[in-house]
Amino acid sequence: MDIDKIILKALRREASLEEYEMLEEWKHSSEQNLRYLESLMANSKQEHINYRNFDESSAWKDLNKKIGSTINYVYVTLAVISIAIVAYFVFSAVNKKNQYPRNHIAENSIAIVDLKDESKVHININSKLEQLNDFSSERRVALQGE
């Protein structure tokens, strides 16, 4: 901690809350520090700053005003991009569900396929069942194998 830099910042009213707190601790750590600070303030052409009355809420408001608009644009942009990505994947998943034909393949073992009309079809190894439509008007399937 470079106390001279903190004192200079405090005299210029540029110190942060943390720096004011560090200055307060340093001032109370010895009588010599207190006298040094008082002599600097007496010799200073700037007015005395009563940093004990530092208004933290006002400082936060000022800071938020300075960075608020930038943060809002970043968050809005990220939110729009995130929503677009999620919407794309949801649309793709829903669209994929409604695509026909749907293939059901049993490669290594007998497979049980649940069809949309709640019927179950058992297909043997190395067989393929193809659901050709959504069963809304007729039930169309194609089978290769057993």
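The values are calculated or read from the model by the stated rules, or taken from the named source; none is laboratory data. Keep in mind it's a predicted model, so treat the numbers as computed, not measured. Ligands, DNA and RNA are excluded from the accessible area calculation, which covers all protein heavy atoms including side chains. Shrake-Rupley method; radii C 1.70, N 1.55, O 1.52, S 1.80 Å.
For this structure, a couple of remarks:
- Taking a straight Cα-Cα cut-off under 19 Å and skipping sequence neighbours fewer than 8 places away in the same chain, the aspartates and glutamates within cross-link reach of LYS9 are GLU18, GLU19, GLU21, GLU24, GLU25, GLU38, GLU47, ASP55, GLU56, ASP62.
- Couplings 3J(HN,Hα) of region 119-125, computed from phi: 8, 10, 10, 9, 10, 6, 4 Hz, in residue order, whole Hz [Karplus 6.51 cos²θ - 1.76 cosθ + 1.60, θ = phi - 60°; x for Gly and Pro].
- Largest-first ordering by accessible area, 1.4 Å probe, given options VAL141, VAL121: VAL141, VAL121
- Here the extension length gained between TYR88 and GLU138 equals 14.9 nm, from 0.36 nm per residue of separation less the Cα-Cα distance.
- For ASN133, the residues whose modelled amide H falls within less than 5 Å of its own, excluding neighbours fewer than 5 places apart on the same chain, are ARG140.
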